[in-house]
1. Taking volume of the Cα convex hull per residue in Å³ as the quantity of interest, determine which of (i) 290; (ii) 166; (iii) 156 was computed from the displayed structure.
2. Tell me the angle of helix 431-443 to the major Cα principal axis of the chain, expressed in degrees between 0 and 90 and rounded to the nearest ten.
3. Subtract the Cα-Cα distance of Glu172 and Lys113 from 0.36 nm times their separation in residues, and report this length gain in nm to one decimal.
4. Averaging sequence separations of C-alpha pairs under 8 Å and six or more residues apart, then dividing by the length of segment 266-406, give the relative contact order as a whole percent.
5. When the dipole is taken about the Cα centre of segment 59-113, and only Lys, Arg (+1) and Asp, Glu (-1) are charged at their Cβ, what size is it in debye, to the nearest 20?
6. Provide Met155, Met329 ordered by accessible surface of protein heavy atoms (probe 1.4 Å), highest first.
7. How high is the FRET efficiency between Asn201 and Asp463 when r is their beta carbon distance and R₀ equals 41 Å, given to the nearest 0.05?
8. What's the whole-number percent of alpha carbon pairs in segment 378-459 lying beyond 16 angstrom?
Amino acid sequence: MRQTRAIRLLSSAALAAVLSLAALGGVNAEDAAKPADAAATVMFDPDSVDSFAGAFLAARTADVDHDYETAIELYKKALQFEPGNPEIRQRLMISLLLNGDIKDGVKYANDLKKDSSVERITTIVRSMDAVRRGEFKTAESLLKYNGPNDLDRMMNDLLAAWARAGAGRGKEALAMAQKIKGPDWVGIFKSYNAGAIAIVNGDIKAARQNLNDAVLDKDGGATAPDTFMRAVIALARLEASQGNKQKALDAISVGDNLIANYAPLNALRQSIEKGEKQEQQVQNAKQGAAGVLFSIGGALNRDGAEDIVSLYLQTAKALDPDSADLLVMLGGIAEKQNQMDRAIALYNQVPDNSPMSRVSELQLGLALAQGGKIEEARKHLQDLITSDPKDVRSYLAYGSVLSDAKDYAAMAANYDKAVDVIGPLPGRGAWTVFFQRGIAYERLKKWDQAEPNFRKALELNPDQPQVLNYLGYSWIDMNRNLDEGLTMIRKAVDLRPDDGYIIDSLGWAYYRLNKFDDAVTELEKAAQIKAGDATINDHLGDAYWRVGRKLEAVYQWNRALSSDPEEAEIPKIKEKIANGLPADGDSTKAADKKQPDPAPVEPKPADKKS
């Protein structure tokens, strides 16, 4: 994991700066970011803007909301007032690229090619446009790099190697890729791309050697799991195409050790076992160059890096528009940015014959639900269950939608079917099905049916902090198994010391046990970690009141009231603000915490009941 952190810190500082809104002058970035949720509901009419400042500020608001189409129109409007403004031209180019308008983005990249502040962007975009047009010699000349950044140097060298391969100089391309030097983390990228170039060259021996090097690179797999999985799949397909079925399956098993139950590997295993013909994902230089950008984007993909990653991926998509793993990653970023229509469009582009097809369909269902298309999402996921009733992931995705809709009866019935599919000998990974079924029955107030499911989840995964927290808190809330329940919550906190919701559970458990000083200590920690959470602020206010800190209690209740609490809690909070808590502690009851959305393959179950 140390190497993972290292590569993420090596992304070009200049690139990160120019992709940040704070890099633009004129208006404080904090002002531009106020408040994103409200801005998302505003529809800008560029024709109604009659000043540079108005267009500029409106464009930046759209930018903050990742509404690139609106931002593009408004930046263009700003340029009508100040055609030579370099910052606006930079941001317009970036918005075009992030929106996938690569051809238009290239026009601005050519205009800005001498602008040193965006040199990294313009170099990559212009060189990849040359690759797209088959002008491989031009691409290679653009990719010469003499800078100090290891990641930038490796990326340029790999892209230049693919340009040579595209120009028909395959042996030189392979030699160039194999000679790339750098820190240890460079190895996985070098080995995979050398193997892929060798496949395109038809050099089976070199392909096998380099891909094996990539697959056996455990540290590299931790640094760049997406690249590692591409190497595993490429090696398995290579061996299968050479008639080495067992070696192909052995390669897939190595991948299973890094990411268990990875859907594309499962699909590939089934295909190889059936004896189906295997085709490599990378068959030419364009796809190879796209793969370099995908690999680096995947290694950098984390919170806060969405713009850099999206820029690489959108540029890659222009070269390889049918790349399924690329489309799914872009869709995931769009979901994180709350751009559900964009996510849905990307998932719909995944080819039906791809091993990633099922994953994209599951994500599509969840994106439909998050975008407010609940009935369409339910039908879509129900159809997926019907098409393959044994795929437990479909039940998890559907259960997530039912949970958000608070349709707990349907949620329970859904997980009952999932348990039937799992059978009498569930594996460790089935813990989440039993956990979610337990939540459904608990919300239906059927504790006798809920508790055995929580216990089963812990039997399968004894150190799962969410289950420990949920079951432990539920016992304390019902005044049962108090010592065991408190021990469970403490263990959950030990496992997740930075999880504000679990710490809130511990604090609220102390409160329920009338240990108010301990409650204050833990709830203050939770409020610091999860600032602005209505339930945590409400709990902290209650604890303050019980220890005599009544002014602070009222302040926390007011914070809770302004932090979008559950509708049912609003009158209770207002009553406390007006009159405080009753003398005895019996009237304070736990508020239900809204459950987070489970993911389709490895769901995030409800954090807790608090």
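The values are calculated or read from the model by the stated rules, or taken from the named source; none is laboratory data. None of the values given here were measured: they were computed from a predicted structure. FYI the Cβ positions are ideal-geometry reconstructions off the backbone, even for glycines, and counts take in every protein chain you see. With ligands, DNA and RNA removed, areas are computed over all heavy atoms of the protein, side chains included. Shrake-Rupley method; radii C 1.70, N 1.55, O 1.52, S 1.80 Å.
1. Only one listed value fits the structure, namely (ii).
2. Computed tilt is about 40 degrees.
3. 18.4 nm
4. 14 percent
5. For segment 59-113, the charge dipole is close to 240 debye.
6. Details: Met155 0, Met329 25 Å².
If we order Met155, Met329 from most to least accessible, we get Met329, Met155.
7. Computed FRET efficiency for Asn201 and Asp463 comes out at 0.30.
8. 46 percent
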